[in-house]
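Here's the structure, in structure tokens; my notes come after.
The values are calculated or read from the model by the stated rules, or taken from the named source; none is laboratory data. Only a predicted model underlies this, so the values are computations on that prediction, with no experimental measurement involved. Heads up, the Cβs are rebuilt from the backbone with ideal geometry, glycines too, and the neighbour counts pull from every protein chain shown.
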Amino acid sequence: MRGHLRTDDKPMRTVLVIDDNHAVGTALELVFALREIRTLVAYSPEDGLKRLEHEDIDLVVQDMNFTADTTSGEEGVKLFRDLRAQHPDLPIVLLTAWTHLETAVELVKAGAADYLAKPWDDHKLSATVENLLELSEATREIARVREERRKRRKALDAKYDLRGLIFASTATERVVELACQISRADIPVLIMGPNGAGKERIAEIIQANSAVKDGPFVTVNCGALPSELIEAELFGAEPGAYTGAPNRAREGRFEIADGGTLFLDEIGNLPLAGQAKLLRVLESGQFERLGSSKTRTTKVRVVSATNADIAAMIRDGRFREDLYYRLNVIELRLPPLAERRDDIIPLAEGGLAGKAVLDEGARAALVAHSWPGNVRELKNAIQRAALLCKDSLITAEDLGLAAIRTGNGRAAPAAEPDREMIETALSNARGVISQAAAELGLSRQALYRRMDKLGISAA
């Protein structure tokens, strides 16, 4: 535990400066002290590595040369590699002279957080370090949250059958956890959510963990059937019960699903006559086939789903209020994919199944897209990109996603940023690469590669 506290009682952030010049160490101590940043100074690579073994360090600022008459930067390269090997997640800022600027750029591409040329600008240096410390703190918090989420997911996997569902978001986790929790209760469940969001997968999880898991799981898409056939589909029909009816008796889905689960998708499309019969089945377990007066019984767990505004349909007289309350004993709400963005990349990679990989631009485009078609749209986009990509590497262009609007009203491109966008971001960030990269939705390494491609100077 750190013994040094800021004025807000939070642990003081600590920067380790590794530089053989005592004047540099003293100057940086003064610069960082104004920002309530604790500074430790090591005057050799060996001393710096030892300090890291015993101190809780948030960021390293390192020189590129430590021996008199040496200007190659090789010592700095070795120190960087040693630091990266022992502390792979530690942000490292390089202090470099113009003579080894190219080397510093290459190290940034290899994972260094940023570089600053000597003599440095105090404001730019402070802004760079502050941004990196904040980013590092946020990254650690994200890592902590993800680790907690991973543990909860592992616990769910151990306790329940999740049917191979791929997810990483807290929103999906809550729905899945509740679905598992109520699965053994013999009560109707209504799953609300937009088309393509994965409602049927949630229904499968309910079935797989229910008391009737060994029984049939029967699905009916009420929105895909003509209204005149829905009743026959659900309850069965006798020969000649309706125009075009077969010459033999037909079992309905309630009979087929007896002893298991019946999943009624798009329940809002069920006509009023069918709603009345469904209500009776839910209340008594009894029904008649079309064209028959014989009462039959069934024991079925009903799970229904819809994307419709049932409340508005009830007001308009298009959906029975009493049926709604019978179906909605337990309600699960599955958010659209745009509201559970942590699911996007795992779902995309799961869909690829190792056949191709996503580059950084593609990953950024996937996360930025609005996904009006939800998981179904994502699946189709990934399948298409896997066919179109070269050398099994999927780029943003391969995805073919249209530009969307960000929260600030600006257009967010699916493809990589152009020269104007990069130069604007660099100007807004006063040359701080990490800040500019964050604004563009790129990693620092990806931004440097794009700058090299466009011939944009980092100086």
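Assorted remarks:
- Any hit, segment 227-240, residues being of a type in the set (A, V, I, L, M, F, W, C), out of contact with any Leu (no Cβ under 9 Å at 6 or more places or on another chain) and either closer than 22 Å to residue 317 by Cβ or outside the structural domain of residue 295 (by TED's automatic domain parsing) (or both): no
- Qualifying residue in segment 20-35 (condition: at pLDDT below 95, closer than 16 Å to residue 130 by Cβ and either part of a loop (DSSP other than H, G, I, E, B) or not assigned by TED's automatic domain parsing to the domain that holds residue 133 (or both)): yes
- Test: residue in segment 48-56 that is at pLDDT 90 or above and over 25 Å from residue 139 (Cβ atoms): yes
- Which listed residue, of 156, 90, 116, is surrounded by fewer than 19 Cβ atoms within 10 Å (Cβ to Cβ), of a type in the set (A, V, I, L, M, F, W, C) and farther than 20 Å from residue 52 by Cα: 156
- Residues that are modelled with pLDDT under 95 and closer than 21 Å to residue 266 by Cα, drawn from segment 176-187: 187
- Residue 195 vs. criteria within 22 Å of the chain's Cα centre (by Cα) and modelled with pLDDT under 95: yes
- Residue 296 being surrounded by 15 or more Cβ atoms within 10 Å (Cβ to Cβ), in the same structural domain as residue 169 (by TED's automatic domain parsing) and assigned to a helix (DSSP H, G or I): no
- The set of residues from segment 156-183 being part of a helix (DSSP H, G or I), under 20 Å from the mean Cα position of the chain (by Cα) and over 14 Å from residue 203 (Cα atoms) comprises 156, 157, 170, 171, 173, 174.
- Strands (runs of 3 or more DSSP E) wholly inside segment 37-123 containing at least 1 residues that are among the polar types (S, T, N, Q): 37-42, 59-63, 92-96
A quick yes/no check of all residues on (1) exposed (fewer than 13 other Cβ atoms within 10 Å of the Cβ); (2) in a strand (DSSP E or B); (3) modelled with pLDDT of 95 or more; (4) touching a strand residue (DSSP E or B) at 6+ places or on another chain (Cβ under 8 Å):
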| site | (1), (2), (3), (4) |
| --- | --- |
| 363 | no, no, no, no |
| 372 | no, no, no, no |
| 375 | no, no, yes, no |
| 387 | yes, no, no, no |
| 415 | no, no, no, no |
| 422 | no, no, no, no |
| 426 | no, no, no, no |
| 437 | no, no, no, no |
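- Pairs, first within 17 Å of residue 256 (Cβ to Cβ) in segment 209-227, second acidic (Asp, Glu) and in a loop (DSSP other than H, G, I, E, B), C-beta under 7 Å, six or more apart: 221/266; 222/266
- Failed item in (1) touching a strand residue (DSSP E or B) at 6+ places or on another chain (Cβ under 8 Å); (2) touching a residue at least 24 places away in the same chain (Cβ under 8 Å); (3) surrounded by fewer than 19 Cβ atoms within 10 Å (Cβ to Cβ), with residue 33 passing the rest: (2)
- Among the residues making up segment 346-358, those that are surrounded by 17 or more Cβ atoms within 10 Å (Cβ to Cβ) and within 16 Å of residue 197 (Cα to Cα) are 347, 348, 351.
- Inter-residue pairs, beta-carbon under 9 Å, first more than 23 Å from residue 226 (Cα to Cα) and in segment 273-288, second among the hydroxyl-bearing types (Ser, Thr, Tyr), 6+ apart: 284/297; 285/297; 285/298; 286/295; 286/297; 286/298
- Subset of segment 259-286 that is more than 13 Å from residue 220 (Cβ to Cβ), out of contact with any helix residue (DSSP H, G or I) (no Cβ under 8 Å at 6 or more places or on another chain) and not small (Gly, Ala, Ser) - its residue that is surrounded by the most Cβ atoms within 10 Å (Cβ to Cβ): 280
- Residue match in segment 300-309 (condition: touching a residue at least 12 places away in the same chain (Cβ under 8 Å) and part of a helix (DSSP H, G or I)): no
- Residue within segment 310-317 that is within 30 Å of residue 240 (Cβ to Cβ) and surrounded by 13 or more Cβ atoms within 10 Å (Cβ to Cβ) present: no
- Matching residues in segment 210-230 - criterion: being over 20 Å from residue 308 (Cα atoms) and in a strand (DSSP E or B): 217, 218
- Those residues of segment 310-343 which are part of a helix (DSSP H, G or I), of a type in the set (A, V, I, L, M) and within 22 Å of residue 178 (Cβ to Cβ), in sequence order: 310, 311, 327, 337, 338
- In segment 230-250, the qualifying residues are those that are surrounded by fewer than 17 Cβ atoms within 10 Å (Cβ to Cβ) and in contact with a strand residue (DSSP E or B) (Cβ under 9 Å, 6 or more places away or on another chain), and the one that is nearest to residue 187 (Cα to Cα) is 249.
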